[in-house]
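Everything below concerns the one structure shown next.
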DNA sequence: AGAAACTGAATCACGATTCATTTTGGGTCG
DNA sequence: CGACCCAAAATGAATCGTGATTCAGTTTCT
């Protein structure tokens, strides 16, 4: 086995554990998930998990960082593809946030439900990936202000936070609503319009 | 001791336990709080808690219901006092939500952090008080639509949810920000204006 | 006195973590 | 090539602390 392959195999097993943890946490939440359940979900022995992660908490944090990074990269890529119009970029950000409920239901459940809980238990640890995501959102507000499209009398940090809250709560609704996939496009339209019209410079 | 006094005393001890639980949960979260910590915070023996609550989960649920009811009553009262203008009522609702961080920091932390976690572990149990609060918010949107002040092409339920998310995320920010009480009035102004302008009928 | 409320030490199930043992897999040598 | 060796990786049964809950005994009420 070459060095590259060996490192690949290692990564794969680590990834299997993260996958298993995501499934398990989504299903029962962090505190109600047994390490042995994660292990069996991942198809490894209990002890193996401790070869890749210091402990259960570390596994949670690692899972966050890994998946948030994925979400952030996806958002950045899609925003780059969409051009310069702040309105259009904003709309796309909203749509992608909601789309997570369809594309990655487990991840969606994990993020919406466990983020705060962990924000708490990580009181000292400053969840940096979450802050990156917030920065992306308030960056949109800031850009809109610079372009003169958005009103200048609001703080981007505050609004970014409010927007994140709104998006995440709707994502939670989508994630848990048993009702057949409500129309993501229409929900995107409504939420986008409210914020864009509210933010627009007069 | 009269019947009224006895019931009062009982209520008091129950209330002491709820208070202790609130403090403890706010400090360390539900899963990291020991029943014995709640007991000592409340000044009762461990076993006494089980005379008033079936188990730790039941204590959590009871605490939710009790405190959310208080929050809802407070909001209803204040909205009644404020008159018919939807804009003014909306502004007041936002302000009261944020004000919780100042008035009741423990409760604020408890609600912002534990609500989702519990929404999860109460998957079957339909947190009715939380739904009442949502209903109050989408009721504002609906009223605005009926009065022709707000646009009719959005679903109140969706917007109520988005608004709750925005408010709660900002409340979280206020609750955890060590920075000296940021200006609640100014934050209220900004968030209120965005939503009202976004919702306004054209 | 009798009931109700309360107490807190003891129980007991649970589950994260450890570690002695086994398996794997590539490198070396005859 | 096959036998052998070693280190790294993996295993999973046993350990061990923890903490929710119980309940026999005590205190407080009426």
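Please treat every number below as a calculation from the coordinates, not as lab data. Computed from a predicted model, the values in this text were never measured in an experiment. When we count neighbours, we look across all protein chains shown, and the Cβ atoms used for this are built from the backbone with ideal geometry, even at glycine.
Before moving on, here are some points about what is shown:
- Shape category assigned to the protein assembly as shown from the gyration tensor of Cα positions, a/c cut at 1.5: oblate
- With Cα atoms, 0 to 90° folded angle of helix A:86-103 axis to chain A main axis: 30
- This ranking places A:196, A:38 by how few other beta-carbon atoms lie within 10 Å of each, fewest first, which gives A:196, A:38.
- Sorted from closest to farthest, the other copies place their residue B:50 label points 3.2 nm away, with each point set 7 Å from Cα along Cα→Cβ.
- With R₀ fixed at 35 Å, the C-beta to C-beta distance from residue B:54 to residue A:57 puts the FRET efficiency at about 0.75.
- Sequence of B:192, B:48, B:175, B:77 once ranked by neighbouring C-beta atoms within 10 Å, starting from the fewest: B:77, B:48, B:192, B:175
- Between helix B:105-121 and chain B: long-axis angle, C-alpha atoms, 0 to 90°, nearest 10: 90
- Under 12 Å from the residue B:72 label point (7 Å along Cα→beta-carbon), backbone N, segment B:162-179: none
- For the pair residue A:85 and residue A:16 in one chain, pulling the backbone fully straight at 0.36 nm per residue adds 20.9 nm over the alpha carbon distance.
- Overall form of segment A:24-69 per C-alpha gyration tensor (a/c, 1.5; a/b vs b/c): oblate
- Identity and axial distance of the chain A residue whose Cβ lies nearest the axis relating A to B, Å: A:198, 1
- Förster radius 30 Å - calculated FRET efficiency between residue A:178 and residue B:27 (Cβ-Cβ, nearest 0.05): 0.30
- Just checking the listed ones, B:144, B:83, B:20: in the Gaussian network model of chain B with Cα springs under 10 Å, the one fluctuating most is B:83.
- Degrees, to the nearest 10: A:56-80 long Cα axis against longest axis of chain A: 40
- Centre-to-centre, using Cα atoms only, segment A:135-166 and segment B:10-78 are separated by 38 Å.
- Label-point distances for residue B:102 to the equivalent site in the other copies, using a point 7 angstrom along Cα→C-beta, read 4.3 nm when ranked shortest first.
- Look at B:65, A:193 and count the other Cβ atoms within 10 Å of each Cβ; fewest to most, that gives B:65, A:193.
- 19 Å reach of a label modelled at residue B:152, 7 Å along Cα-to-Cβ, counting backbone N of segment B:76-96: B:86
- Percent RCO, i.e. relative contact order, over segment A:67-140, from Cα pairs under 8 Å lying at least 6 residues apart: 36
- The protein assembly as shown: calculated mean residue ellipticity at 222 nm from DSSP helix runs of at least 4, using -39500 (n - 2.57): -26000 deg cm²/dmol
- Relative contact order of chain A, pairs being alpha-carbon contacts under 8 Å that are 6 or more residues apart, as %: 22
- Sorted from closest to farthest, the other copies place their residue B:34 label points 2.4 nm away, with each point set 7 Å from Cα along Cα→Cβ.
- Rounded, prolate or oblate (a/c below 1.5 giving rounded, otherwise prolate when a/b exceeds b/c) for segment A:29-181 by Cα gyration tensor: prolate
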